[in-house]
Amino acid sequence: MTRTRHHKPVSIRRNVVRLSLPVLLSSLFQRLVGIVDIFLTGGLGAAAVAAAGLGQLLMFVTMTVFWGLSTGTTVVVAHLSGAGRMEEARKAGGIAILGCLLMTGVASLAGSIWGGDVARLMGAQADVQALAGDYIRLVFLWLIWTTGLNVLSAIMHGRGDTRTPMEAIILVNILHVLIAWPLIYGKFGLPALGVKGAAIAINLSECAGCSYLLVQALRRGSISFGRPIGELCGRIWRVGWPVALERIAQQSGQLFYSSFIIGYGTTAYAAHQIGLSIESLSFMPGAGMGIAAATLMGQALGAGKLRRARISHAEALRLALGVMTAMALLFLLVPGFLIGLFSSDLQVIEQGSVFLRLVAFAQIPLAVSFVYAGSLRGTGDTFYVFMVTLVAMWGIRVAFSWMAARWLDLSLYAVWGVFLIDWYFRGAAFAWRYHKRDLHSVV
(Lines give C-alpha, C1' and ligand atoms only; values in the text may rest on other atoms or scores of the structure.)
Protein backbone atom coordinates (compact mmCIF):
# COMPACT_ATOMS: atom_id res chain seq x y z
CA MET A 1 0.00 0.00 0.00
CA THR A 2 2.79 2.41 0.95
CA ARG A 3 4.65 1.59 -2.24
CA THR A 4 1.60 2.32 -4.39
CA ARG A 5 0.92 5.60 -2.67
CA HIS A 6 4.54 6.62 -3.05
CA HIS A 7 4.68 5.95 -6.77
CA LYS A 8 1.24 7.19 -7.83
CA PRO A 9 2.05 10.93 -7.64
CA VAL A 10 5.30 10.23 -9.53
CA SER A 11 3.35 8.48 -12.30
CA ILE A 12 0.84 11.33 -12.48
CA ARG A 13 3.67 13.86 -12.48
CA ARG A 14 5.09 12.09 -15.52
CA ASN A 15 1.68 12.28 -17.19
CA VAL A 16 1.50 16.01 -16.46
CA VAL A 17 4.95 16.53 -17.97
CA ARG A 18 4.15 14.24 -20.92
CA LEU A 19 1.04 16.24 -21.74
CA SER A 20 2.18 19.71 -20.75
CA LEU A 21 5.67 19.75 -22.30
CA PRO A 22 4.41 19.38 -25.89
CA VAL A 23 1.65 21.94 -25.11
CA LEU A 24 4.28 24.28 -23.66
CA LEU A 25 6.43 23.91 -26.77
CA SER A 26 3.35 24.24 -29.01
CA SER A 27 2.30 27.42 -27.24
CA LEU A 28 5.84 28.74 -27.42
CA PHE A 29 6.16 28.06 -31.13
CA GLN A 30 2.64 29.32 -31.80
CA ARG A 31 3.43 32.57 -30.05
CA LEU A 32 6.76 32.73 -31.87
CA VAL A 33 4.87 33.30 -35.13
CA GLY A 34 3.71 36.65 -33.75
CA ILE A 35 7.03 37.37 -32.06
CA VAL A 36 8.93 36.74 -35.30
CA ASP A 37 6.63 39.20 -37.07
CA ILE A 38 7.34 41.84 -34.41
CA PHE A 39 11.08 41.07 -34.57
CA LEU A 40 11.30 41.18 -38.36
CA THR A 41 9.12 44.25 -38.80
CA GLY A 42 11.22 46.03 -36.15
CA GLY A 43 13.68 46.95 -38.89
CA LEU A 44 10.90 48.87 -40.64
CA GLY A 45 10.34 51.25 -37.70
CA ALA A 46 7.99 51.77 -34.75
CA ALA A 47 4.93 52.26 -37.01
CA ALA A 48 5.40 48.79 -38.54
CA VAL A 49 5.78 47.20 -35.10
CA ALA A 50 2.63 48.95 -33.86
CA ALA A 51 0.70 47.90 -37.00
CA ALA A 52 1.67 44.22 -36.65
CA GLY A 53 0.83 44.39 -32.94
CA LEU A 54 -2.63 45.81 -33.61
CA GLY A 55 -3.28 43.12 -36.24
CA GLN A 56 -2.30 40.38 -33.80
CA LEU A 57 -4.45 41.91 -31.08
CA LEU A 58 -7.52 41.90 -33.35
CA MET A 59 -6.78 38.29 -34.27
CA PHE A 60 -6.70 37.37 -30.57
CA VAL A 61 -10.07 39.07 -30.08
CA THR A 62 -11.57 37.15 -33.00
CA MET A 63 -10.18 33.85 -31.78
CA THR A 64 -12.15 34.17 -28.53
CA VAL A 65 -15.16 32.39 -29.99
CA PHE A 66 -12.99 29.63 -31.41
CA TRP A 67 -11.22 29.15 -28.09
CA GLY A 68 -14.65 28.53 -26.60
CA LEU A 69 -15.31 25.86 -29.22
CA SER A 70 -11.85 24.39 -28.65
CA THR A 71 -12.16 24.22 -24.86
CA GLY A 72 -15.64 22.70 -25.06
CA THR A 73 -14.30 20.13 -27.50
CA THR A 74 -11.25 19.26 -25.39
CA VAL A 75 -13.31 18.78 -22.21
CA VAL A 76 -16.05 16.71 -23.87
CA VAL A 77 -13.58 14.53 -25.80
CA ALA A 78 -11.51 14.04 -22.61
CA HIS A 79 -14.59 12.98 -20.60
CA LEU A 80 -15.71 10.56 -23.32
CA SER A 81 -12.20 9.14 -23.81
CA GLY A 82 -11.77 8.67 -20.05
CA ALA A 83 -15.07 6.75 -19.96
CA GLY A 84 -13.98 4.57 -22.91
CA ARG A 85 -16.70 5.92 -25.27
CA MET A 86 -14.34 6.38 -28.23
CA GLU A 87 -16.90 6.43 -31.04
CA GLU A 88 -18.75 9.28 -29.36
CA ALA A 89 -15.42 11.07 -28.87
CA ARG A 90 -14.76 10.81 -32.62
CA LYS A 91 -18.23 12.16 -33.42
CA ALA A 92 -17.66 15.08 -31.04
CA GLY A 93 -14.51 15.90 -33.00
CA GLY A 94 -16.42 15.89 -36.28
CA ILE A 95 -19.08 18.21 -34.83
CA ALA A 96 -16.34 20.61 -33.69
CA ILE A 97 -14.85 20.79 -37.20
CA LEU A 98 -18.22 21.49 -38.83
CA GLY A 99 -18.86 24.23 -36.27
CA CYS A 100 -15.42 25.69 -36.96
CA LEU A 101 -16.10 25.91 -40.70
CA LEU A 102 -19.40 27.76 -40.21
CA MET A 103 -18.01 30.21 -37.66
CA THR A 104 -14.86 30.90 -39.70
CA GLY A 105 -16.89 31.88 -42.76
CA VAL A 106 -18.65 34.63 -40.80
CA ALA A 107 -15.51 35.86 -39.00
CA SER A 108 -13.39 35.88 -42.16
CA LEU A 109 -15.91 37.95 -44.09
CA ALA A 110 -16.37 40.48 -41.29
CA GLY A 111 -12.65 40.82 -40.57
CA SER A 112 -11.53 41.23 -44.17
CA ILE A 113 -14.14 43.97 -44.76
CA TRP A 114 -14.12 45.95 -41.51
CA GLY A 115 -10.96 44.84 -39.70
CA GLY A 116 -8.89 47.68 -41.09
CA ASP A 117 -11.06 50.25 -39.30
CA VAL A 118 -9.95 49.04 -35.86
CA ALA A 119 -6.64 50.91 -35.91
CA ARG A 120 -8.48 54.16 -36.66
CA LEU A 121 -11.06 53.59 -33.94
CA MET A 122 -8.28 52.92 -31.44
CA GLY A 123 -6.68 56.26 -32.22
CA ALA A 124 -3.57 55.05 -34.07
CA GLN A 125 -1.69 57.55 -36.23
CA ALA A 126 -2.21 57.61 -40.01
CA ASP A 127 0.95 55.66 -40.91
CA VAL A 128 0.03 52.89 -38.46
CA GLN A 129 -3.55 52.76 -39.80
CA ALA A 130 -2.40 52.17 -43.39
CA LEU A 131 0.02 49.38 -42.49
CA ALA A 132 -2.39 47.70 -40.07
CA GLY A 133 -5.19 47.68 -42.66
CA ASP A 134 -3.14 45.61 -45.14
CA TYR A 135 -2.00 43.18 -42.45
CA ILE A 136 -5.47 42.64 -40.99
CA ARG A 137 -7.24 42.12 -44.31
CA LEU A 138 -4.81 39.41 -45.39
CA VAL A 139 -4.79 37.39 -42.16
CA PHE A 140 -8.60 37.41 -42.03
CA LEU A 141 -9.01 36.43 -45.66
CA TRP A 142 -7.33 33.10 -44.88
CA LEU A 143 -8.48 32.76 -41.27
CA ILE A 144 -9.54 29.13 -41.81
CA TRP A 145 -5.96 27.90 -41.44
CA THR A 146 -5.63 29.54 -38.01
CA THR A 147 -8.99 28.33 -36.69
CA GLY A 148 -8.59 24.85 -38.17
CA LEU A 149 -5.19 24.48 -36.51
CA ASN A 150 -6.74 25.52 -33.19
CA VAL A 151 -9.75 23.16 -33.25
CA LEU A 152 -7.84 20.14 -34.57
CA SER A 153 -5.29 20.63 -31.77
CA ALA A 154 -8.14 20.75 -29.23
CA ILE A 155 -9.52 17.41 -30.45
CA MET A 156 -6.13 15.77 -30.06
CA HIS A 157 -5.55 17.35 -26.64
CA GLY A 158 -8.80 15.81 -25.41
CA ARG A 159 -7.56 12.38 -26.50
CA GLY A 160 -4.31 12.90 -24.63
CA ASP A 161 -2.25 13.48 -27.80
CA THR A 162 -0.34 16.73 -27.38
CA ARG A 163 2.67 15.67 -29.43
CA THR A 164 1.04 15.83 -32.88
CA PRO A 165 -0.17 19.45 -32.46
CA MET A 166 3.35 20.32 -31.34
CA GLU A 167 4.77 18.85 -34.54
CA ALA A 168 2.33 20.93 -36.60
CA ILE A 169 3.27 24.16 -34.82
CA ILE A 170 6.99 23.48 -35.26
CA LEU A 171 6.32 23.01 -38.99
CA VAL A 172 4.43 26.32 -39.06
CA ASN A 173 7.32 28.16 -37.41
CA ILE A 174 10.00 26.76 -39.68
CA LEU A 175 8.02 27.68 -42.79
CA HIS A 176 7.06 31.08 -41.37
CA VAL A 177 10.68 32.14 -40.84
CA LEU A 178 11.72 30.85 -44.26
CA ILE A 179 8.90 32.77 -45.96
CA ALA A 180 8.54 35.94 -43.86
CA TRP A 181 12.05 37.39 -44.05
CA PRO A 182 12.32 37.28 -47.87
CA LEU A 183 8.80 38.67 -48.33
CA ILE A 184 9.20 41.51 -45.81
CA TYR A 185 12.58 42.74 -47.07
CA GLY A 186 12.56 41.54 -50.70
CA LYS A 187 15.25 38.86 -50.61
CA PHE A 188 16.00 36.17 -53.24
CA GLY A 189 14.36 38.20 -55.99
CA LEU A 190 11.01 38.53 -54.19
CA PRO A 191 9.26 41.92 -53.85
CA ALA A 192 9.74 43.83 -50.57
CA LEU A 193 6.18 43.73 -49.19
CA GLY A 194 6.88 44.96 -45.66
CA VAL A 195 4.10 44.30 -43.15
CA LYS A 196 1.96 42.75 -45.90
CA GLY A 197 4.69 40.13 -46.46
CA ALA A 198 4.48 39.14 -42.78
CA ALA A 199 0.74 38.45 -43.15
CA ILE A 200 1.25 36.34 -46.29
CA ALA A 201 3.91 34.29 -44.49
CA ILE A 202 1.47 33.55 -41.64
CA ASN A 203 -1.20 32.39 -44.10
CA LEU A 204 1.07 30.04 -46.04
CA SER A 205 2.77 28.48 -43.02
CA GLU A 206 -0.49 27.90 -41.09
CA CYS A 207 -2.05 26.34 -44.19
CA ALA A 208 0.70 23.72 -44.12
CA GLY A 209 0.31 23.13 -40.35
CA CYS A 210 -3.48 22.79 -40.52
CA SER A 211 -3.25 20.37 -43.46
CA TYR A 212 -0.77 18.22 -41.54
CA LEU A 213 -3.06 18.00 -38.50
CA LEU A 214 -6.11 17.15 -40.61
CA VAL A 215 -4.29 14.29 -42.35
CA GLN A 216 -3.08 12.93 -38.98
CA ALA A 217 -6.55 13.20 -37.42
CA LEU A 218 -8.15 11.29 -40.30
CA ARG A 219 -5.39 8.69 -40.38
CA ARG A 220 -5.66 7.97 -36.64
CA GLY A 221 -9.45 7.95 -36.57
CA SER A 222 -9.70 10.94 -34.23
CA ILE A 223 -12.75 12.33 -36.02
CA SER A 224 -15.80 10.98 -37.80
CA PHE A 225 -18.41 12.89 -39.74
CA GLY A 226 -22.13 12.31 -39.87
CA ARG A 227 -25.38 13.90 -38.79
CA PRO A 228 -24.72 16.06 -35.70
CA ILE A 229 -25.89 14.44 -32.45
CA GLY A 230 -27.89 16.87 -30.34
CA GLU A 231 -26.60 15.60 -27.01
CA LEU A 232 -22.94 16.00 -28.02
CA CYS A 233 -23.57 19.44 -29.54
CA GLY A 234 -25.27 20.46 -26.31
CA ARG A 235 -22.37 19.28 -24.15
CA ILE A 236 -19.79 21.14 -26.24
CA TRP A 237 -22.00 24.24 -26.18
CA ARG A 238 -22.54 24.16 -22.40
CA VAL A 239 -18.82 23.97 -21.70
CA GLY A 240 -17.72 26.22 -24.56
CA TRP A 241 -19.98 29.26 -24.52
CA PRO A 242 -18.76 30.60 -21.15
CA VAL A 243 -15.18 30.18 -22.42
CA ALA A 244 -16.04 32.19 -25.52
CA LEU A 245 -17.53 34.93 -23.35
CA GLU A 246 -14.51 34.75 -21.05
CA ARG A 247 -12.13 35.28 -23.97
CA ILE A 248 -14.31 38.04 -25.41
CA ALA A 249 -14.23 39.80 -22.04
CA GLN A 250 -10.46 39.31 -21.84
CA GLN A 251 -9.54 40.39 -25.35
CA SER A 252 -12.05 43.23 -25.74
CA GLY A 253 -10.84 44.54 -22.40
CA GLN A 254 -7.29 44.22 -23.70
CA LEU A 255 -8.28 46.36 -26.68
CA PHE A 256 -9.51 49.12 -24.37
CA TYR A 257 -6.44 48.74 -22.18
CA SER A 258 -4.18 49.04 -25.25
CA SER A 259 -6.03 52.19 -26.34
CA PHE A 260 -4.92 53.82 -23.08
CA ILE A 261 -1.32 52.83 -23.87
CA ILE A 262 -1.54 54.25 -27.41
CA GLY A 263 -2.54 57.55 -25.83
CA TYR A 264 1.03 57.84 -24.48
CA GLY A 265 2.46 57.77 -28.05
CA THR A 266 3.77 55.35 -30.68
CA THR A 267 7.03 54.74 -28.79
CA ALA A 268 5.13 53.75 -25.65
CA TYR A 269 2.93 51.35 -27.59
CA ALA A 270 5.94 49.84 -29.38
CA ALA A 271 7.58 49.25 -25.97
CA HIS A 272 4.30 47.77 -24.71
CA GLN A 273 4.00 45.44 -27.71
CA ILE A 274 7.60 44.24 -27.50
CA GLY A 275 7.18 43.72 -23.75
CA LEU A 276 4.02 41.69 -24.36
CA SER A 277 5.83 39.54 -26.92
CA ILE A 278 8.56 38.73 -24.40
CA GLU A 279 6.09 38.33 -21.54
CA SER A 280 4.08 35.85 -23.58
CA LEU A 281 7.00 33.42 -23.32
CA SER A 282 6.36 33.27 -19.59
CA PHE A 283 2.71 32.39 -20.25
CA MET A 284 3.70 29.16 -21.95
CA PRO A 285 4.55 27.03 -18.88
CA GLY A 286 1.37 28.12 -17.08
CA ALA A 287 -0.76 27.70 -20.18
CA GLY A 288 0.76 24.27 -20.86
CA MET A 289 0.14 23.11 -17.30
CA GLY A 290 -3.40 24.53 -17.47
CA ILE A 291 -4.25 22.50 -20.58
CA ALA A 292 -2.65 19.42 -19.04
CA ALA A 293 -4.70 19.97 -15.87
CA ALA A 294 -7.92 20.33 -17.89
CA THR A 295 -7.21 17.19 -19.93
CA LEU A 296 -6.18 15.02 -16.97
CA MET A 297 -9.03 16.34 -14.85
CA GLY A 298 -11.55 15.57 -17.60
CA GLN A 299 -10.20 12.08 -18.24
CA ALA A 300 -9.99 11.25 -14.52
CA LEU A 301 -13.53 12.46 -13.86
CA GLY A 302 -14.81 10.59 -16.91
CA ALA A 303 -13.29 7.43 -15.45
CA GLY A 304 -14.58 8.25 -11.94
CA LYS A 305 -11.06 8.54 -10.44
CA LEU A 306 -11.37 11.53 -8.11
CA ARG A 307 -8.10 11.11 -6.23
CA ARG A 308 -6.16 11.00 -9.50
CA ALA A 309 -7.92 14.21 -10.55
CA ARG A 310 -6.78 16.00 -7.35
CA ILE A 311 -3.19 14.76 -7.63
CA SER A 312 -3.01 15.78 -11.31
CA HIS A 313 -3.99 19.31 -10.38
CA ALA A 314 -1.43 19.50 -7.56
CA GLU A 315 1.41 18.27 -9.77
CA ALA A 316 0.53 20.70 -12.58
CA LEU A 317 0.48 23.60 -10.10
CA ARG A 318 3.82 22.64 -8.58
CA LEU A 319 5.54 22.46 -11.96
CA ALA A 320 4.01 25.74 -13.18
CA LEU A 321 5.12 27.62 -10.07
CA GLY A 322 8.69 26.37 -10.40
CA VAL A 323 9.12 27.34 -14.04
CA MET A 324 7.40 30.72 -13.80
CA THR A 325 9.40 31.72 -10.74
CA ALA A 326 12.51 31.27 -12.89
CA MET A 327 10.93 33.51 -15.57
CA ALA A 328 10.27 36.17 -12.93
CA LEU A 329 13.95 36.25 -12.00
CA LEU A 330 14.91 36.59 -15.67
CA PHE A 331 12.60 39.58 -16.17
CA LEU A 332 13.96 41.25 -13.03
CA LEU A 333 17.63 40.76 -13.81
CA VAL A 334 18.03 41.44 -17.56
CA PRO A 335 14.98 43.36 -18.87
CA GLY A 336 17.04 45.82 -20.92
CA PHE A 337 18.87 43.03 -22.72
CA LEU A 338 15.60 41.30 -23.63
CA ILE A 339 13.96 44.48 -24.97
CA GLY A 340 17.18 45.33 -26.82
CA LEU A 341 16.87 42.14 -28.86
CA PHE A 342 13.81 43.67 -30.53
CA SER A 343 14.66 47.37 -30.76
CA SER A 344 17.67 49.70 -30.60
CA ASP A 345 15.50 52.72 -29.72
CA LEU A 346 16.71 53.89 -26.30
CA GLN A 347 13.27 55.15 -25.25
CA VAL A 348 11.66 51.85 -26.19
CA ILE A 349 14.31 49.94 -24.22
CA GLU A 350 13.90 52.20 -21.16
CA GLN A 351 10.10 51.97 -21.06
CA GLY A 352 10.01 48.28 -21.98
CA SER A 353 12.44 47.45 -19.16
CA VAL A 354 10.04 48.93 -16.61
CA PHE A 355 7.21 46.88 -18.12
CA LEU A 356 9.18 43.61 -17.79
CA ARG A 357 10.12 44.32 -14.18
CA LEU A 358 6.43 44.82 -13.38
CA VAL A 359 5.61 41.60 -15.23
CA ALA A 360 8.06 39.72 -13.00
CA PHE A 361 5.78 40.30 -10.00
CA ALA A 362 2.82 38.81 -11.91
CA GLN A 363 4.42 35.41 -12.59
CA ILE A 364 3.24 33.63 -9.44
CA PRO A 365 -0.43 34.72 -9.71
CA LEU A 366 -0.29 33.91 -13.43
CA ALA A 367 0.84 30.34 -12.68
CA VAL A 368 -1.89 29.95 -10.05
CA SER A 369 -4.55 31.41 -12.37
CA PHE A 370 -3.67 29.23 -15.37
CA VAL A 371 -3.61 25.93 -13.50
CA TYR A 372 -6.64 26.52 -11.27
CA ALA A 373 -8.67 27.83 -14.22
CA GLY A 374 -7.59 24.80 -16.30
CA SER A 375 -8.70 22.39 -13.59
CA LEU A 376 -12.03 24.20 -13.21
CA ARG A 377 -12.57 23.97 -16.99
CA GLY A 378 -11.80 20.25 -16.79
CA THR A 379 -14.68 19.87 -14.33
CA GLY A 380 -16.95 21.83 -16.70
CA ASP A 381 -17.10 24.85 -14.37
CA THR A 382 -16.42 27.33 -17.18
CA PHE A 383 -19.10 29.86 -16.21
CA TYR A 384 -17.35 30.73 -12.95
CA VAL A 385 -14.05 31.24 -14.82
CA PHE A 386 -15.89 33.59 -17.18
CA MET A 387 -17.38 35.65 -14.35
CA VAL A 388 -14.02 36.07 -12.59
CA THR A 389 -12.38 37.09 -15.87
CA LEU A 390 -15.15 39.61 -16.57
CA VAL A 391 -14.80 41.25 -13.16
CA ALA A 392 -10.99 41.23 -13.26
CA MET A 393 -10.64 42.65 -16.76
CA TRP A 394 -13.44 45.22 -16.80
CA GLY A 395 -13.99 45.94 -13.11
CA ILE A 396 -10.29 46.16 -12.29
CA ARG A 397 -7.96 46.52 -15.30
CA VAL A 398 -10.06 48.68 -17.64
CA ALA A 399 -11.76 50.75 -14.92
CA PHE A 400 -8.57 51.43 -12.93
CA SER A 401 -6.54 52.13 -16.10
CA TRP A 402 -9.17 54.59 -17.30
CA MET A 403 -9.00 56.40 -13.97
CA ALA A 404 -5.19 56.42 -14.02
CA ALA A 405 -4.81 57.59 -17.64
CA ARG A 406 -7.84 59.79 -18.29
CA TRP A 407 -9.00 61.03 -14.90
CA LEU A 408 -5.94 61.22 -12.64
CA ASP A 409 -3.49 61.79 -15.55
CA LEU A 410 -0.91 59.40 -14.06
CA SER A 411 2.17 58.07 -15.85
CA LEU A 412 2.36 55.15 -18.28
CA TYR A 413 3.92 53.04 -15.52
CA ALA A 414 0.87 53.48 -13.29
CA VAL A 415 -1.37 52.18 -16.10
CA TRP A 416 0.92 49.20 -16.58
CA GLY A 417 0.88 48.49 -12.85
CA VAL A 418 -2.88 47.93 -12.82
CA PHE A 419 -2.56 44.47 -14.37
CA LEU A 420 -0.84 43.25 -11.19
CA ILE A 421 -4.03 43.88 -9.20
CA ASP A 422 -5.97 42.06 -11.91
CA TRP A 423 -3.88 38.86 -11.80
CA TYR A 424 -3.64 38.63 -8.00
CA PHE A 425 -7.43 38.88 -7.84
CA ARG A 426 -7.88 36.11 -10.41
CA GLY A 427 -5.43 33.78 -8.72
CA ALA A 428 -7.20 34.12 -5.37
CA ALA A 429 -10.69 33.74 -6.88
CA PHE A 430 -9.84 30.61 -8.91
CA ALA A 431 -8.05 28.94 -5.99
CA TRP A 432 -10.99 29.60 -3.65
CA ARG A 433 -13.49 28.09 -6.09
CA TYR A 434 -11.43 24.98 -6.77
CA HIS A 435 -11.00 24.15 -3.09
CA LYS A 436 -14.75 24.62 -2.52
CA ARG A 437 -15.65 22.47 -5.55
CA ASP A 438 -17.18 19.03 -4.91
CA LEU A 439 -15.81 16.71 -7.60
CA HIS A 440 -18.34 14.03 -6.64
CA SER A 441 -21.11 16.25 -8.03
CA VAL A 442 -19.21 16.57 -11.33
CA VAL A 443 -18.98 12.83 -11.80
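The values are calculated or read from the model by the stated rules, or taken from the named source; none is laboratory data. Predicted model only: the values in this text are computed from it and were never measured. For neighbour counting, all protein chains shown are included, and Cβ atoms are generated from backbone atoms with ideal geometry for every residue, glycine included.
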Filtered residues of region 332-364 (kept if surrounded by fewer than 22 Cβ atoms within 10 Å (Cβ to Cβ) and in contact with a Lys or Arg (Cβ under 9 Å, 6 or more places away or on another chain)): Leu332
Cβ-Cβ under 8 Å, sequence separation 6+ or interchain: first residue in region 78-91 and under 13 Å from Gly302 (Cα atoms), partner of a type in the set (Asp, Glu). Which pairs? Leu80/Glu88
If you check Phe66 against the conditions, is it out of contact with any Pro (no Cβ under 8 Å at 6 or more places or on another chain), of a type outside the set (A, V, I, L, M) and crowded, with 24+ Cβ neighbours inside 10 Å? yes
Counting only residues that are touching a Gly at 6+ places or on another chain (Cβ under 8 Å) and crowded, with 17+ Cβ neighbours inside 10 Å, how many does region 220-232 have? 2
From the list Gln254, Gln273, Gln299, exactly one residue is under 20 Å from Gly158 (Cβ atoms) and at pLDDT below 80. Which is it? Gln299
Select from region 140-169 the residues that are in contact with a Pro (Cβ under 9 Å, 6 or more places away or on another chain) and under 13 Å from Ala208 (Cα atoms) and list them in ascending order. Leu149, Pro165, Glu167
Could you list, in sequence order, the residues of region 309-319 that are buried (at least 19 other Cβ atoms within 10 Å of the Cβ) and either at pLDDT below 85 or over 23 Å from the mean Cα position of the chain (by Cα) (or both)? Ala309, Ile311, Ser312, His313, Glu315, Ala316, Leu319
List the helices (runs of 4 or more DSSP H) that sit entirely inside region 18-129 and contain at least 1 residues that are modelled with pLDDT under 85, within 24 Å of Leu143 (Cα to Cα) and among the polar types (S, T, N, Q). 46-82, 86-114
Of the numbered conditions (1) under 28 Å from Ala405 (Cβ atoms); (2) under 20 Å from the mean Cα position of the chain (by Cα); (3) crowded, with 24+ Cβ neighbours inside 10 Å, Phe283 fails exactly one; give the number of that condition. (3)
Restricting the search to region 166-219, which residues are part of a helix (DSSP H, G or I), surrounded by fewer than 16 Cβ atoms within 10 Å (Cβ to Cβ) and basic (Lys, Arg)? Arg219
Can you give me the ranges of the helices (runs of 4 or more DSSP H) entirely in region 293-368 with at least 3 residues that are basic (Lys, Arg)? 306-333
Given the options Phe425, Phe383, Phe419, name the one that is part of a helix (DSSP H, G or I) and surrounded by fewer than 18 Cβ atoms within 10 Å (Cβ to Cβ). Phe383
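Yes/no per residue for (1) modelled with pLDDT under 90; (2) of a type in the set (Gly, Ala, Ser):
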position: Leu341; (1), (2): yes, no
position: Gln347; (1), (2): yes, no
position: Glu350; (1), (2): yes, no
position: Val359; (1), (2): yes, no
position: Val368; (1), (2): no, no
position: Val371; (1), (2): no, no
position: Gly380; (1), (2): yes, yes
position: Met387; (1), (2): no, no
What are the residues in region 395-412 that are among the polar types (S, T, N, Q) and without any contact (Cβ under 8 Å) to a residue 40 or more places away in the chain, if any? Ser411
Sole miss for Ala392 among (1) surrounded by 19 or more Cβ atoms within 10 Å (Cβ to Cβ); (2) of a type outside the set (Ser, Thr, Tyr); (3) in contact (Cβ under 8 Å) with a residue 60 or more places away in the chain is condition (3)
For region 415-437, which residues satisfy the criterion of being closer than 18 Å to Glu279 by Cβ and of a type in the set (A, V, I, L, M)? Val415, Val418, Leu420, Ile421
